[in-house]
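The values are calculated or read from the model by the stated rules, or taken from the named source; none is laboratory data. Since we're looking at a predicted model, the values are computed, not measured. Note that each Cβ is placed from the backbone with ideal geometry, even for glycine, and that neighbours are counted across all protein chains shown.
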Amino acid sequence: MNTVFENLLLGQDTLPFIQWWLVVFILGLIFMPLSGLLFSTLSDKGYLFSKTIGIAVTGYLMWMLSTLRILKFSTVSCIISLVIGLVINLLLVFYFKRYYKPYFTKDKLIIFAVEELLFVAVFIFFTYIRGFKPEAYGTEKFMDYGFMTTMMRSDYMPPQDFWFSGTSLNYYYVGQFLATFLTRLSFTPVTHGYNLMLMMTGAFAFVLPFSLVYNLIIRYNGRKNKTSGFYAGLGGFIGASGVCIAGNMHYPIYGLIIPAIKKITGKVKGRYSYWFPDATRYIGYSPETNDKTIHEFPAYSFVLGDLHAHVINILFVLTVLAVLLAWLFRQTDNRKNIKTVSSELFAPHIIILGFFIGLFHTTNFWDYPIYYVVSGAIILFSNMIIYEFKRKAYWLTALQGVIIFLLGEIFALPFTLKFDQISAAARLAENHTPLYQYMVLWGLPIFTVSLFFVVSLINFANTKKPIKKGEGLKSGMKRLGRLLSSYMESLTDTDLYIITIGFCAMGLILLPEIVYVKDIYSGDYKRANTMFKLTYQAFIMFGICFGYIYIRLLRYSKGILKKVLTVISLSAFILTLLYSQNAVNSWYGNIFDRKGFEGLDATEFIKEDFEDDYPAINWLLENVSGTPVVLEANGYSYTDYQRVSVITGLPTVFGWYTHEQLWKSGPKSTDNMVLSELNGRARDIETIYTSDDMSLVKSLIEKYDISYIYVGPLEEEKYEWLNHELIRSLGEIVFENPDTEEIFYKTYIVKVDK
């Protein structure tokens, strides 16, 4: 079979790719009735979002049934959850059949086909690039891949903590569960599932913003002429690039402009080298200060290759933004129709928002409050317009907020019941970003969104009388209130949507300058995690704004000055797109040289990087089922330690130190309690490897229910006085590396007698 695919772009990995895409395609087809109901006001009927909703709903069903121990997490159970999703959608078709009559018209089918081809093309291209460096090795990849391998071995959720045996995984793991769910459903090996999930998310990060901006521009202009679709598509590509491909202005300034100036002036000779992570580690690093922060964005994430919680959640936060857009269109289309309170409180959009808000509680908690607030803003503004700023607009919004919150809590309940909230507390920011660095990172989107807002104000002012001088405070405030309501009513629903998410994004980049969330990261890194998680979502919303604003001001607006300012902004934006070219070239090399293509196997690296461990790890993969505990040396985070537990999914006694410190730092545990437990396990592991007290070693083996003891190069390196004789006497030597004759530095595995 492999010879059939050898000459194709992905080579012998074409079949796993087809299996994965086909499952996602089927999920999309199955959930088209639900997406048709939710996105009936969108031009493309939310075709692409049917896929993400299908992944979220069926994956959640499987996770919930496994968490409640109703079904084991198996391929058969995954298929059952898919069938349940099919039944739900068939019932929707039966109950809401009037919605689907215009759904499969010729023009809609053409849109569906074009969007599907775009998705496949981007998915294949991104996957091909990933094939030049597919390893789940370095940065956070060990953790992310380990989540998947341990869940592949688990019958029920939450899985055992593979780095803290005997306990459940206490982290936001459901995003990686969804990746594992698709791996099972597509009959794809987990070695390939890791990279396929990563690159599928990258493809969605391109096509979903494309759909959002396309629908915004089509809505604004309608189909008044033959060029409407062209400009909508152009805006879609700008928005897609803004979310998925663009970097911030750090690269244009420090990678292009400053080096060019220095070269012209003769201050720098030769070729200038730019290291792409510098764009995400700027504040606190250049120059070096005691306020080291993180300000990542999707393009960096996809190049780096960590399948982390905030990355997987991109496809779901974009879905929430689409649901909010469809809700806004629904409200403005039906503003003259009298709606009952119950129909407003339990509208399909409100229910699905509650579902996703609850899902965020389990996948990436930071997105839970962020998009709850964004949802509240869109719903509030739409209600204010629909109900003409009367009291009903406010109390109805409050009730809808309560419904979304309660639904979110209900959907998250199977997770929260078995989760100890990780300790965190809000603190006033002690450090602040220098203005010039702030503007390097955020000046372009701030300028662009502000420009659009000012243009909307000017347009409004040209049709309204200003507040009269000398009016009393009370009457002046009333006048301001009337002006605000008039201003909002003057906006098209598309302009209102962009201004809302644009200002929400501004709020997210401002917030870390005011407060930060205190967690285990302290000292110079106090603001790092807060800035990282908040500004990441701001970047996504700004990217969507770019796509709409540039087309809106250049094509559908008048005035030389605003067009000149827009062109300046657009020119700077185009320069940010060059970041990905630099990053891909730096990380993956020459992707046009097919000789560098390695395939999609995320574990292929162990053959060379862990040459002595490779045959032993393979033995464990082939011969050990279930989740027995395998003892290996523990180490600090981001090191090579824990390579056995990560690749095999088998739990070990203690893993990466800092990660476990975070996961175990619940409200019931003080810092001293956590550190005492971690250090205690570390000492016990050292005792097992080095002690000559047989009874003590056996008691520790019993304490942690250890089934296998692994001895390899890292164990030899860490424990200078490793007691081979005692360890080898503890049971049967089930594996011994045949390539070495000496006992020292020979990899072997002992199955402990019990």
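For region 571-590, does any single residue satisfy the condition of being within 26 Å of the chain's Cα centre (by Cα) and not in a helix (DSSP H, G or I)? Within region 571-590 (the criterion being within 26 Å of the chain's Cα centre (by Cα) and not in a helix (DSSP H, G or I)), the answer is yes, since at least one residue qualifies. Cβ-Cβ contacts under 7 Å between residues 6 or more apart (or on different chains), taken from a first residue in region 405-431 that is under 25 Å from residue 353 (Cα atoms) to a second residue that is modelled with pLDDT of 95 or more and of a type in the set (A, V, I, L, M), are listed as 407/351; 408/357; 411/359; 414/64; 414/68; 415/174.
Looking for something acidic (Asp, Glu), touching a Phe, Trp or Tyr at 6+ places or on another chain (Cβ under 8 Å) and closer than 30 Å to residue 421 by Cβ - is there at least one such residue anywhere in region 691-711? Reasoning before the result, please.
Taking region 691-711 first, the residues acidic (Asp, Glu) are 692-693, 702, 705.
When the remaining residues are screened for being touching a Phe, Trp or Tyr at 6+ places or on another chain (Cβ under 8 Å), the result is none.
Within region 691-711 (the criterion being acidic (Asp, Glu), touching a Phe, Trp or Tyr at 6+ places or on another chain (Cβ under 8 Å) and closer than 30 Å to residue 421 by Cβ), the answer is no, since none of the residues qualifies.
Checking each residue in region 506-534 for being touching a Pro at 6+ places or on another chain (Cβ under 7 Å) and under 16 Å from residue 369 (Cβ atoms) picks out 530, 531, 534. Answer yes or no: is there a residue in region 662-670 that is buried (at least 21 other Cβ atoms within 10 Å of the Cβ), of a type in the set (Ser, Thr, Tyr) and modelled with pLDDT under 90. Yes. Scanning region 617-668 for residues that are in contact with a Leu (Cβ under 9 Å, 6 or more places away or on another chain), in a loop (DSSP other than H, G, I, E, B) and of a type in the set (D, E, K, R) gives 632, 640, 664. Evaluating residue 710 against the criteria (1) surrounded by 23 or more Cβ atoms within 10 Å (Cβ to Cβ); (2) in contact with a Gly (Cβ under 9 Å, 6 or more places away or on another chain); (3) of a type outside the set (Lys, Arg) leaves one unmet condition, (2).
Anything in region 581-632 that is among the β-branched types (Val, Ile, Thr) and farther than 30 Å from residue 737 by Cα? List them, or say none. Scanning region 581-632 gives 584, 591. If you check residue 718 against the conditions, is it of a type in the set (D, E, K, R), in contact (Cβ under 8 Å) with a residue 12 or more places away in the chain and touching a helix residue (DSSP H, G or I) at 6+ places or on another chain (Cβ under 6 Å)? So residue 718 does not fit the description; no. Just one of the numbered conditions (1) modelled with pLDDT of 95 or more; (2) surrounded by 13 or more Cβ atoms within 10 Å (Cβ to Cβ); (3) of a type in the set (D, E, K, R) is not true of residue 609; which one? (1) is the only condition that residue 609 fails. Can residue 678 be described as modelled with pLDDT of 90 or more, over 24 Å from residue 131 (Cα atoms) and touching a strand residue (DSSP E or B) at 6+ places or on another chain (Cβ under 6 Å)? So residue 678 does not fit the description; no. Number of residues in region 519-578 that are among the aliphatic types (A, V, I, L, M) and more than 23 Å from residue 231 (Cα to Cα): the value is 5.
Could you please find all residues in region 68-86 being closer than 21 Å to residue 149 by Cβ and part of a loop (DSSP other than H, G, I, E, B)? Across region 68-86, the qualifying residues are 71, 72, 73, 74. Within region 535-558, if we keep just the residues that are assigned to a helix (DSSP H, G or I) and among the hydroxyl-bearing types (Ser, Thr, Tyr), the residue that is surrounded by the fewest Cβ atoms within 10 Å (Cβ to Cβ) turns out to be 550. Evaluation of residue 676 against the conditions (1) on the phi < 0 side of the Ramachandran plot; (2) buried (at least 16 other Cβ atoms within 10 Å of the Cβ); (3) not aromatic (Phe, Trp, Tyr) shows that the sole unmet condition is (2). Residues that are crowded, with 24+ Cβ neighbours inside 10 Å and assigned to a loop (DSSP other than H, G, I, E, B) within region 132-156 comprise 134, 136, listed in sequence order.
For residue 91, the conditions (1) surrounded by fewer than 16 Cβ atoms within 10 Å (Cβ to Cβ); (2) assigned to a helix (DSSP H, G or I); (3) in contact with a Ser or Thr (Cβ under 9 Å, 6 or more places away or on another chain); (4) not polar (S, T, N, Q) are fulfilled apart from (3).
Every residue, every condition in (1) closer than 14 Å to residue 31 by Cβ; (2) of a type outside the set (Gly, Ala, Ser); (3) buried (at least 16 other Cβ atoms within 10 Å of the Cβ); (4) touching a helix residue (DSSP H, G or I) at 6+ places or on another chain (Cβ under 8 Å), yes or no:
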| position | (1), (2), (3), (4) |
| --- | --- |
| 64 | no, yes, yes, yes |
| 106 | no, yes, no, no |
| 115 | no, yes, yes, yes |
| 118 | no, yes, yes, yes |
| 121 | no, no, no, no |
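When 358, 401 are screened for being buried (at least 22 other Cβ atoms within 10 Å of the Cβ), in contact (Cβ under 8 Å) with a residue 24 or more places away in the chain and either closer than 17 Å to residue 331 by Cβ or touching an Asp or Glu at 6+ places or on another chain (Cβ under 9 Å) (or both), only 358 passes. Pairing each residue of region 328-355 that is closer than 30 Å to residue 63 by Cβ with any residue that is among the small types (Gly, Ala, Ser), provided the two are 6+ apart or on different chains, yields C-beta distances under 7 Å for 349/326; 353/375; 354/408. The single residue among 389, 419 that is hydrophobic (A, V, I, L, M, F, W, C) and either surrounded by fewer than 19 Cβ atoms within 10 Å (Cβ to Cβ) or touching a Leu at 6+ places or on another chain (Cβ under 7 Å) (or both) turns out to be 389. Within the option set 154, 165, being touching a strand residue (DSSP E or B) at 6+ places or on another chain (Cβ under 6 Å), touching a residue at least 24 places away in the same chain (Cβ under 8 Å) and within 30 Å of residue 641 (Cβ to Cβ) holds for one residue only, 165.
Tell me, which residue of region 13-41 that is in a helix (DSSP H, G or I) and of a type in the set (Phe, Trp, Tyr) is nearest to residue 57 (Cα to Cα)? Out of the qualifying residues, it is 25.
With respect to residue 9, is the statement that it is out of contact with any strand residue (DSSP E or B) (no Cβ under 7 Å at 6 or more places or on another chain) and more than 22 Å from residue 335 (Cα to Cα) true?
It is true that residue 9 is out of contact with any strand residue (DSSP E or B) (no Cβ under 7 Å at 6 or more places or on another chain) and more than 22 Å from residue 335 (Cα to Cα).
Annotation note: of 474, 465, the sole residue that is part of a loop (DSSP other than H, G, I, E, B), over 24 Å from the mean Cα position of the chain (by Cα) and either among the hydroxyl-bearing types (Ser, Thr, Tyr) or modelled with pLDDT under 90 (or both) is 465.
In region 514-534, the qualifying residues are those that are out of contact with any Phe, Trp or Tyr (no Cβ under 8 Å at 6 or more places or on another chain) and part of a helix (DSSP H, G or I), and the one that is nearest to residue 297 (Cα to Cα) is 532.
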